[in-house]
């Protein structure tokens, strides 16, 4: 990466560095791309069904599992539903209370 590059070039490079090339991925069809955002439950079901029959599913799964959870794409990827914040345990805010003895 060159320090003189514009910010958008640096951002694009960082995104592409963590992506996987899927030439045969069924998710690449622009007519269906919106389904993988998972805006509705019908979209989620259809996107997972598309992933399940994709010829690149194994490569996609291996890539997805190899990512840190915080780096995984939001929506449907590798037939997995990723909605950050939904599966995390809620911790109380602030410092823990002192035990009264």
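The values are calculated or read from the model by the stated rules, or taken from the named source; none is laboratory data. Keep in mind that what you see is a predicted model, and the values were worked out from it rather than measured. Positions of Cβ are backbone-derived with ideal geometry, glycine not excepted, and every protein chain shown enters the neighbour counts.
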Worksheet item: Looking only at segment 62-72, which residues are assigned to a helix (DSSP H, G or I) and either at pLDDT 95 or above or under 22 Å from residue 24 (Cβ atoms) (or both)?
Response: 62, 63, 64, 65, 66
Worksheet entry | Failed item in (1) assigned to a loop (DSSP other than H, G, I, E, B); (2) closer than 24 Å to residue 40 by Cα; (3) modelled with pLDDT of 85 or more, with residue 84 passing the rest | (3)
Fill in: Residues located in segment 6-61, provided they are out of contact with any strand residue (DSSP E or B) (no Cβ under 6 Å at 6 or more places or on another chain), under 19 Å from residue 81 (Cβ atoms), touching a residue at least 12 places away in the same chain (Cβ under 8 Å) and part of a loop (DSSP other than H, G, I, E, B)
20, 22, 25, 32, 53, 54, 56
